[in-house]
Amino acid sequence: RTAINYLSSCQQYKQRQQCYYAPTELLGWDASMLPLRDSSVDVIVSDLPFGQRCLSTHRLSLLVPLMMYECARVLREGSGRMVLLCGVYSGIVDSLMELNKASKEQQEQHQDEEERKKEDHHDVFQT
C-alpha cells in the first residue's frame, strides 16, 4: 500500500468506529524529517513493514539510520520510549547501536570541554 492508500483506509476505519473511540488526528509525515521539537514525544509505536512491500533492501538500509536518529531526537530524554514491530530487525539494531555509540562519543566530548573550561577558569584566578 502507498502512504495515501494507508491514510485513506485508516480514515475510513476511523469513521466506521467513531462512536467507540475518542477523536484522533491522522497525519502522514516523512519518518526521516519529523516536524516535531526535540524531546517533545513520550512514546513512539510503529509497525515497520519496510523491506517486504515498501522498500528495497538498499533503500531500507539508507532510511533506517535516518529514522532512528529522528526518533531519538524527538523522544524525551531519559523517559521517552519506543516500540517497533518488524519482521527483520537486524538493520534497526545496527542503527540503534551506531546511534548509541555516537551519543556516548558526543557526551564524552561535552565532558572534556566542560573540564577544559573549568581548568581555564581555575588558571585565570590563580595567576
Does any residue of segment 54-76 turn out to be surrounded by 12 or more Cβ atoms within 10 Å (Cβ to Cβ) and at pLDDT below 70? yes
How many residues of segment 84-98 are of a type in the set (Val, Ile, Thr) and open to solvent by 90 Å² or more (accessible area, probe 1.4 Å)? The answer is 1
Looking at (1) open to solvent by less than 100 Å² (accessible area, probe 1.4 Å); (2) touching a strand residue (DSSP E or B) at 6+ places or on another chain (Cβ under 6 Å); (3) modelled with pLDDT of 90 or more, which is the one condition that is false for residue 81? (1)
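The values are calculated or read from the model by the stated rules, or taken from the named source; none is laboratory data. On a predicted model such as this, the values are computed, not experimentally measured, just so you know. Don't worry about glycine lacking a Cβ; one is built from the backbone with ideal geometry, like all the others, and counts go over all protein chains shown. Note: accessible area is taken over every heavy atom of the protein model, side chains too, but ligands, DNA and RNA are not part of it. Shrake-Rupley method; radii C 1.70, N 1.55, O 1.52, S 1.80 Å.
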